[in-house]
Amino acid sequence: MKKIILSFAALALVTGSYAQNFDRSIRPKAGPAPEIKLADPQTFTLPNGLKVFVVENHNTPIVSYSFQFDVDPIIPDGKEGLDEFIGSLMTSGTKKMNKQQFDEATDEIGATLAASGAGLYGKSMTKHQNRLLQLMADALMNADFKQAELDKLKKQSKAGLEQSKTEPDAMLGNVSKVLNYGKHHPYAELTTDASIDNVTLKDCNNYYSTYYRPNVAYLAVVGDITVAEAKALVTKYFGAWKKGTVPTATFPAVTFPTKTTVDFVPRENSVQSVIGITYPLNLKPGDPDVIKTRMLNEILGGSGTGRLFLNLREKHGWTYGSYSSFDNDRVIGHFQAYAKARNVVTDSSVNEILAEMRRIRDEKVDEKTLQDMKNYVNGTFAIGLESPQTIARYAINVDLYKMPKDYYKNYLKNVNAVTVNDIQATAQKYIKPDAARIIVVGDKDEALKLQRFASDGTIHYYDNYGNPIAAPTTAKADESVSVATIMQQYVDAIGGKAAVEGLTSLSSSASMSVQGQELLIVENIVSPDKYSMSINAGAMGEVQRITVNGKTGKMSGMGQSQDIPEQMLGQYLEKANLQSPIEASEYSKYTLKGIEQVEGKDCYVLEKKADGEKTVAYYDKNSHLLVKVVTTDEASGQSQTAVMSDYKEVKGGNGYKAPTKMKVQSPQGAMEVIVNKIEANKKIKESEFK
Amino acid sequence: MKRFLLSVSLLTAATFAAKAQNIKFTEYDLPNGLHVILHEDHNTPIVNVSVMYHVGSKNEDPKRTGFAHFFEHLMFEGTQNIERGEYFKMIQANGGVLNANTSQDRTYYFQTMPSNQEELALWMESERMLHAKIDSTGIETQRKVVKEEKKQSYDNRPYGHLMEVVFKNAYTQHPYNWMPIGSAQYIDEAKESEFMDFYKTFYVPNNAVLVVAGDINPQQTKKWIEKYFGGIKKGTGVIPRPNVKEPAFGKEKVAYYYDEVPFPAVIVGYHIPKIGSDDAYAMEILNKILSGGASSRLQVELVDKQQKSLGVGAFNFPLEDDPGLSMLFGIANKGVDAKDLLKAMDAEVEKVRTQPISKAEFEKVQTQVETSFAEQNAKIAGVAENLATSYTYFKNTNLVNTELKKYQNVTLADVERVAKKYLDPNNRLVVYYLPKSEENKGK
């Protein structure tokens, strides 16, 4: 024993002195590559058709059960989004227990339980798995959908949809699907407010009883469990689950582009353009080309070491990120090269992405780049295997996509066999800069600069659902039209100069409904410089108050009060001046930009920049009324759009008219304001503005 | 016979479980003070190499906030033997993944590699401990990158300034007052020599823990560690650590903040004892009673029943020094006033302070704690970080194996006691985080 200790000490001495004398600049070489063992999951099938894959892993006393349904559901026309509700409904109560009891039971065993339109996932400590399986079986076979729960989900879904209508990535996603697959393809179904409204509880029940069937389900059992235990438990809890006939959607053929087109989705007040260069892809999982396209993609734009990233971000600094992807799918997939770039470099970014797409076709990549990417793929493959779920997923993929049995066992062998010639040949087969759709969501002023990329020399415009729309261009207004003539016509339209000139005061009350909560807004104006506004929220009373009196103003709410900062005061004083439409000194702050359409009607566009804020006002060319105002904070790029309608004669106003309906879209969401009462030239107490 | 077999298999499952929860490790110090922790696990042919430096934003000069986090960036700039921009590439091109993060208390660097690249990873970490590239070019580059990061992660993200507002008001004396992202202005003002001083003070072996975990041969690993780290000199200076006493709130403190957010949020912060103390464990149990899972009190009452809130939560912020901070937050549903939401939250807080908690509810939460413990060591990277943290904060690496016991020692009476003691209206900060539109309504 002593001897051993001694020799250890000697060794330490040796290594100690060694440490002082070595060349630090020499990079250590890799040891022999470790063998990556891919275990075979155990598998069995229940008499009802449920296919079960078991991966044992006893590192932690945890077991997970994951159901995946191999379905291509038929969503009835006009009910898009129906499948999004099923998961939440399934875990919101069963015939045996209501939602609260179900949640309570899940938490009691510290379990995770989550469902989606095509799956159900549960996880707990092994010792609690019987209870977990009871709950999962109950959700799969005995869920009890409730109208109130569906109504709540519909409301949430609509709120989310509202936000996504102006969210540029969501807009790009929608339009890409419609243009790549065609409007009537199941992969291009888009959820709308109307389609959410159309979904009934009966539709949800139909979906649940049609598609949640064992004969189309895969179950992955992973963790601290043996195959024998898994078989006994799965049989016990899911053996009684009944088979069913499960219909499958049909997929219309997809048209592949033969030339490159530019498809533009105008988005008001964008500070960045979102670019997606895309086309459909006939590449099915398991195809030998999948591994080659993966390696090709790693080099082109798979990550922060891809060429797109290095070019657009590292070299040019135009973007935070630029990537590419190949989506392989057994029906139809797609390719996309993506970037989010500042407005002014939209066309330059498109140009560089196309150049990188051409370069990888035209030039061989160098050996070192390919080898580095192979090392990266080898390493991350091994890291991925640390999670036993990966092994289950691979086994299910093999069955689901009818892949060769040893597909994943040979995965790295096939990765390592890819040559630089393969990369080029694969690029020439799958990268199509001259037969792609360049889809851009952004400010319409950037659109025309993209014309040079369009083989037909035309920019095609779409709305956020992929419907073609007219070019949102600004036409030139007639020589005879000026800000002064527009304002004169506007004043005539709202009751004439005399009525406007004679306005001394205006008081109104309006209501705004936000998710069931009624807000009351009371506004009082004494021209030219007194303004007050108060917002009341039902039983809570006044939640906000603003008063402006000449040069000073105050705002209060939440028990706090403060002076209005000077740069904000101007906005209120402008509101307070009821004569501003007839005062040249006021309206001459605007310049005439031309004619654009608002909801299909020609409007004159006037623009003003003041106090760090840009205001764009739209006056209808025929009715002469002000129909839309967009204000943008120039620092943050955040904007708010108000659309006015239903102009009505105001009581006591000698023919003066004001809008009684206003739709407001802001970063906080959309809301509608309805004016219930409005009166002009009434005596308003001075105390109102204190 | 069948029955017998079954019970045998159950028994093996049980012993497996018990064994799996015991994380074996060896640890020792190099003469230069570097603490080394080795953990062997051959399930997957990968290795995790990580270094935790015991420096965070709390070690910063108040006029140089953001330094610790800035260093996290600087450490990827290269070393005397690794070219600028090569660090990331070298790890990736050798099959690894890497990252780093900075908290108030420590800075953590980690990479997971195929196990045959262990020596490379050790060399690379030793390179940046010995002679990282700290020069004007790197400083300039990272100044820009950190500013972009601030825009992306804080300025342009809804509720991105929430923690900043909470900490600013919860700590007036202690350097927990500012967040690790700090101020761009201070980073701009700092001279090159200040960066070098910071490096020499804090990036020394006697202020670091090296963890090597995974598919390793410990004998070989020790030799490599001796070779690459043994020659690095011990830091000679005193490592400054704050010893400021943060005064108690005394009475409720209220703060307002306006931001581009869709819905108002309310955050309530209570001073509590630091992590690792018995009362902090009891507070965590209490927080789970309030917000752990769909059947928790705040979730059921505020989100499901009253529908006043879109999301609620209660948690202890992990802080090494006293006092710690326990937080309660709620995001108001559309049309719900922030004050009204707070009233509803307070009603639940009052209930845990004044009414007994049922045994069933207490046991439910203990089960949740046990489950999350069982899960957290599923991946080697997680095991490595837990080992590093336990040593850095408590000098008790074995806490990874004994911490569950600390939770299990908490009694129902303890939970009721800490609720009364710490969720006191006079021991709290209330932050209203409101939409900008509420600041200038009527626009």
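The values are calculated or read from the model by the stated rules, or taken from the named source; none is laboratory data. All of these numbers come straight from a predicted model, not from anything done at the bench. Methodologically, a virtual Cβ is constructed for each residue, glycine included, from the backbone with ideal geometry; neighbour enumeration extends over all protein chains shown.
If the condition is being over 17 Å from the mean Cα position of the chain (by Cα) and facing chain A (nearest Cβ under 7 Å), then the range B:366-381 contributes B:Thr367, B:Gln368, B:Glu370, B:Thr371, B:Ala374, B:Glu375, B:Ala378, B:Lys379, B:Ile380.
Of the residues making up the range A:481-501, not one is more than 45 Å from the chain's Cα centre (by Cα), over 21 Å from A:Thr660 (Cβ atoms) and surrounded by 15 or more Cβ atoms within 10 Å (Cβ to Cβ). Scan the range B:297-316 for residues that are within 11 Å of chain A (Cβ to nearest Cβ), over 16 Å from B:Ala338 (Cβ atoms) and polar (S, T, N, Q) and the total you get is 1.
Scan the range A:89-116 for residues that are touching a helix residue (DSSP H, G or I) at 6+ places or on another chain (Cβ under 9 Å), more than 27 Å from B:Ala378 (Cα to Cα) and surrounded by fewer than 19 Cβ atoms within 10 Å (Cβ to Cβ) and the total you get is 4.
The set of residues in the range A:95-149 that are within 12 Å of chain B (Cβ to nearest Cβ) and of a type in the set (Phe, Trp, Tyr) contains only A:Phe102. I'd like to check something: does the range B:412-433 contain any residue that is away from chain A (no Cβ under 13 Å), touching a residue at least 60 places away in the same chain (Cβ under 8 Å), in a strand (DSSP E or B) and surrounded by 15 or more Cβ atoms within 10 Å (Cβ to Cβ)? Within the range B:412-433, one or more residues are away from chain A (no Cβ under 13 Å), touching a residue at least 60 places away in the same chain (Cβ under 8 Å), in a strand (DSSP E or B) and surrounded by 15 or more Cβ atoms within 10 Å (Cβ to Cβ).
Yes/no per residue for (1) within 29 Å of A:Gly122 (Cβ to Cβ); (2) outside any helix (DSSP H, G or I); (3) free of Cβ contacts under 8 Å to residues at least 12 places away in the same chain:
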residue	(1), (2), (3)
A:Arg361	no, no, no
A:Lys368	no, no, yes
A:Lys374	no, no, no
A:Gln389	yes, no, no
A:Arg393	yes, no, no
A:Tyr407	yes, yes, no
A:Lys432	no, yes, no
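Might you let me know whether the range A:172-183 holds any residue that is surrounded by 15 or more Cβ atoms within 10 Å (Cβ to Cβ), at negative phi, assigned to a strand (DSSP E or B) and at pLDDT 95 or above? No, that holds for no residue. Considering (1) farther than 30 Å from A:Asp151 by Cβ; (2) basic (Lys, Arg); (3) at pLDDT 90 or above, say which one A:Lys37 fails and leave the rest. All conditions are met except number (3). Taking the range B:55-90 as the range and being assigned to a loop (DSSP other than H, G, I, E, B) and either touching a Ser or Thr at 6+ places or on another chain (Cβ under 6 Å) or closer than 15 Å to B:Ser183 by Cβ (or both) as the test, the residues that pass are B:Val55, B:Gly56, B:Glu60, B:Asp61, B:Pro62, B:Lys63, B:Arg64, B:Thr65, B:Gly66, B:Asn81. Residue count for the range A:263-284, restricted to those that are outside any strand (DSSP E or B) and touching a helix residue (DSSP H, G or I) at 6+ places or on another chain (Cβ under 9 Å): 6.
Considering the range A:644-690, and only residues there that are of a type in the set (Val, Ile, Thr), more than 28 Å from the chain's Cα centre (by Cα) and assigned to a strand (DSSP E or B), the residue that is nearest to B:Ala332 (Cα to Cα) turns out to be A:Ile674. When the range B:211-266 is filtered for residues that are among the aliphatic types (A, V, I, L, M), touching a residue at least 60 places away in the same chain (Cβ under 8 Å), more than 14 Å from chain A (Cβ to nearest Cβ) and not in a strand (DSSP E or B), the ones remaining, listed by number, are B:Ile239, B:Val244, B:Ala248. Residue count for the range A:324-343, restricted to those that are within 22 Å of the chain's Cα centre (by Cα) and over 16 Å from A:Tyr430 (Cβ atoms): 6. Close contacts from the range A:575-593, counting a first residue that is within 20 Å of A:Met533 (Cβ to Cβ) and within 14 Å of another protein chain (Cβ to nearest Cβ) and a second that is in a loop (DSSP other than H, G, I, E, B) and small (Gly, Ala, Ser), with Cβ to Cβ under 9 Å and a gap of 6+ residues or different chains, come to A:Lys575/B:Gly442; A:Ala576/A:Ser527.
Let's see how each residue does on (1) surrounded by 15 or more Cβ atoms within 10 Å (Cβ to Cβ); (2) under 30 Å from A:Glu35 (Cα atoms):
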{"position": "A:Ala337", "(1), (2)": "yes, no"}
{"position": "A:Ala341", "(1), (2)": "yes, no"}
{"position": "A:Ile353", "(1), (2)": "yes, no"}
{"position": "A:Glu367", "(1), (2)": "no, yes"}
{"position": "A:Gly379", "(1), (2)": "yes, yes"}
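In this structure, B:Met179 does not qualify as surrounded by fewer than 19 Cβ atoms within 10 Å (Cβ to Cβ) and of a type in the set (A, V, I, L, M).
Looking only at the range A:335-349, decide whether some residue is small (Gly, Ala, Ser), part of a helix (DSSP H, G or I), touching a residue at least 24 places away in the same chain (Cβ under 8 Å) and more than 14 Å from chain B (Cβ to nearest Cβ). Yes.
Could you tell me which of the residues B:Gly85, B:Gly78 is free of Cβ contacts under 8 Å to residues at least 40 places away in the same chain, over 18 Å from the mean Cα position of the chain (by Cα) and at positive phi?
Just one listed residue meets the conditions, B:Gly85.
The residue that is nearest to the other protein chains (Cβ to nearest Cβ), counting only those in the range A:523-545 that are within 36 Å of the chain's Cα centre (by Cα) and within 15 Å of A:Ser687 (Cα to Cα), is A:Met533.
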